[in-house]
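Heads up: the structure comes next, in structure tokens.
The values are calculated or read from the model by the stated rules, or taken from the named source; none is laboratory data. Every value quoted in this text rests on a predicted model; they were computed, and no experiment measured them. Here Cβ is always computed from backbone atoms with ideal geometry, including for glycine, and neighbour counts include all displayed protein chains. Areas reflect the complete protein model, heavy atoms only, side chains present, ligands, DNA and RNA absent. Shrake-Rupley method; radii C 1.70, N 1.55, O 1.52, S 1.80 Å.
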Amino acid sequence: QVQLVESGGGLVQAGGSLRLSCAASGRTFGLYNMGWFRQAPGKEREFVSSIRWDGSVMVNPDSVKGRFTISRERNTAYLQMNSLKPEDTAVYYCAAGGAAAIAKPADFHSWGQGTQVTVSS
């Protein structure tokens, strides 16, 4: 497994941008699919975006399509978030999984501790 540490969260006004980072330890990072999820208070964990081990991006949900972009470089995965809305407020988690890990939290075996994103109106 791999250890993950997120950073880059914070408070931003609606319409603003943030870039989240997920630093991974371990020499096998390049073998994992990486995903971003978010969880708002009282809600279930929601899939945000994922990227395959080879760098190809998988389907993003309509809620973030055109606004959020996932990428990866070396041992870090990123989530660029633009045109943020108050409903994007949540704790954001990155996760690592095998080749079958796409959008279901249960398919990812390693998780970071989360980073808070708050979007004010």
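Considering only segment 98-120, how many residues are among the charged types (D, E, K, R) and without any contact (Cβ under 8 Å) to a residue 12 or more places away in the chain?
Going through segment 98-120, the residues among the charged types (D, E, K, R) turn out to be 104, 107.
When the remaining residues are screened for being without any contact (Cβ under 8 Å) to a residue 12 or more places away in the chain, the result is 107.
Matching residues across segment 98-120 total 1.
Is it fair to say Arg72 is basic (Lys, Arg) and crowded, with 19+ Cβ neighbours inside 10 Å? Break it down stepwise before answering.
Details: basic (Lys, Arg): yes; crowded, with 19+ Cβ neighbours inside 10 Å: yes.
So Arg72 fits the description; yes.
Under the condition of being more than 14 Å from the chain's Cα centre (by Cα) and basic (Lys, Arg), which residue from segment 27-69 is most open to solvent (accessible area, probe 1.4 Å)?
Within segment 27-69, the match that is most open to solvent (accessible area, probe 1.4 Å) is Arg27.
If a residue must be more than 17 Å from Lys85 (Cβ to Cβ) and either of a type in the set (Asp, Glu) or open to solvent by less than 40 Å² (accessible area, probe 1.4 Å) (or both), how many such residues does segment 1-25 contain? Break it down stepwise before answering.
Initial filter on segment 1-25 (more than 17 Å from Lys85 (Cβ to Cβ)): 1-8, 21-25.
Of the ones still in play, those that are also either of a type in the set (Asp, Glu) or open to solvent by less than 40 Å² (accessible area, probe 1.4 Å) (or both) are 2, 4, 6, 8, 21-22, 24.
Residues flagged as more than 17 Å from Lys85 (Cβ to Cβ) and either of a type in the set (Asp, Glu) or open to solvent by less than 40 Å² (accessible area, probe 1.4 Å) (or both) within segment 1-25 amount to 7.
Regarding Ala95, is this residue closer than 20 Å to Gln3 by Cβ and without any contact (Cβ under 8 Å) to a residue 12 or more places away in the chain?
Working: closer than 20 Å to Gln3 by Cβ: yes; without any contact (Cβ under 8 Å) to a residue 12 or more places away in the chain: no.
Judged against the criteria, Ala95 is not a match.
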